[in-house]
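To start, the structure itself, in structure tokens.
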Amino acid sequence: RPPEDEEEEAEVGWQEKLFSQFEVDLYLNESACQTPLDWQYHEEIQKLEKAGGRKNCRIFTYTDHDRFTNLEELCQKVTDLDHEVPSYLVERMANVRRRREDRRPVEGSSLKTKIITWEPSEEFIKNNHVINTPVQTMYIMGDLGPYGKLGHREYENVLCTIKVDGNGVITVKPDFTGTKGAYRIELDGEKREVWEYTIENASAQVQPEEEEREQRVFRDLYGRHRDYLSGLVGSDFEMPLPGTLRLFMNGEIVSAQGYEYDNLYVHFFLELPNQWSSSPFQQLSGVTQTCATKTVGGDNVAYFCYPFTVDMFYTQEDEGVFSYSLPQWPILYFEVLSLDFWQRYRVEGYGSLVLPASPGVHMLTIPTWRPVELGTVAEMRRFFIGGSPELEDLTYIRIPSTFKGKHLSRFGFRTETTGSVTFRLYCLQQSKAFLENSALRQRMQSVLDRLGGFSQQSSVYNVLEAFQRARRRMQEARESLPQDLINTSASTV
């Protein structure tokens, strides 16, 4: 066939209708026209026939109002299996997506009256299960039938899909060709024909004045939306007192692994150092549920997923009084115990955790230990009747709260390493110091620096390092001077 019969180029506008040969043959027949859209296409095709016929040959389009668009969205396969059976979720989700902007608003679509729907109905859940932004779709098709035999539905192929949602986002699939080369379509037939096509953006470039005006409209729109959200949320937030830092933590005891016995549970409590406080109703201790272990990667792991919440306040000392002691962070003490069928419990391990000084999400795995006694009798007692050496004061895991001396000796205290416990901590910090201007940034940082002790430690380290450098320079200068000059100056002095 001559090459000019095999090539075609068409410039298609948004929602521009280009009829295929099949549609021309269909809508010319008045008996096939049923809907108002069919009669509209019937009139348009008659006008095209009077004007000399359609200009396109193989390239045509399906707009958002065509039946093909609705069927294409409902009949898309989830996988590439030939005998795919849609699941219950696929069937329920098939009609969820709303495609028309003139649909009535669904329940709960207005955010002015209520933000949270405590008792959602089944229709509400169905309509809000996915992003239901109204979208308009357009398909650019190709009739890849044999030469001279156009108009058969089985030879129609989708060349490009264009979608525009209610937010103005344009999706083109596949993407514009650019430098990637032409797309290929291989037909399954006797001749196995191969077609190549390219997609180019033929839209006119936006003028600088129009682009600037569009940016102003966007800024105004975003500003109004920000004010709208601020009005919904409000500004009635409880702020801590000046010089006070609020530490809010959502914690989770995730798992415990590597212990000798089964049916584990964790007992924990939080110790607040000086200058830290909490509300009288705040629980600073807790016990998890008893959890059986399962083998994961060679270790026996017990998954607790036990949540706890702690709200603490740090009150800063008077800034005029200099304190040589570095502030301390709260410490989480915990012990892991096991419970058997006869309700006998055994201590499996002790551990402690210093709360993170930085906000955010922290995943921490803490190893544990337990005290042991020498001899076989102690191990037999632990195995048969339960019970084992345990700490009377859990703060002995670190430095006991009752210890007031200078040196703490643990000589002769025998322990052995056991398993580990994994924590997930979500830490939030709130302080008025965070709201200060950039000119007062040093004052804003003082609370965090005093809490972590980093600034005092670094300042002392910097002073010592500067002193060592100055001392070395003085020694080098003294060694470079003549010996008689040093002796003369010494005698003169």
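The table for this structure:
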| read-out | value |
| --- | --- |
| Selection status of MET249, open to solvent by less than 80 Å² (accessible area, probe 1.4 Å), in contact with a helix residue (DSSP H, G or I) (Cβ under 7 Å, 6 or more places away or on another chain) and under 30 Å from TRP276 (Cα atoms) | no |
| The one condition in (1) in a strand (DSSP E or B); (2) closer than 20 Å to ARG424 by Cβ that SER338 fails to fulfil | (2) |
| Condition met for ILE366 (among the β-branched types (Val, Ile, Thr), open to solvent by 70 Å² or more (accessible area, probe 1.4 Å) and either part of a loop (DSSP other than H, G, I, E, B) or in contact with a strand residue (DSSP E or B) (Cβ under 9 Å, 6 or more places away or on another chain) (or both)) | no |
| Condition met for LEU391 (surrounded by 15 or more Cβ atoms within 10 Å (Cβ to Cβ) and modelled with pLDDT of 85 or more) | no |
| Residue count, region 255-274 (criterion: more than 15 Å from VAL421 (Cα to Cα) and open to solvent by less than 60 Å² (accessible area, probe 1.4 Å)) | 4 |
| Whichever residue in region 159-203 is touching a residue at least 60 places away in the same chain (Cβ under 8 Å) and part of a strand (DSSP E or B) and, among such residues, is farthest from GLU214 (Cα to Cα) | LEU159 |
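The values are calculated or read from the model by the stated rules, or taken from the named source; none is laboratory data. Computed from a predicted structure; not experimentally measured. We place every Cβ from the backbone using ideal geometry, glycine too, and count neighbours over all the protein chains shown. All accessible areas refer to the heavy atoms of the entire protein, side chains included, with ligands and DNA or RNA removed. Shrake-Rupley method; radii C 1.70, N 1.55, O 1.52, S 1.80 Å.
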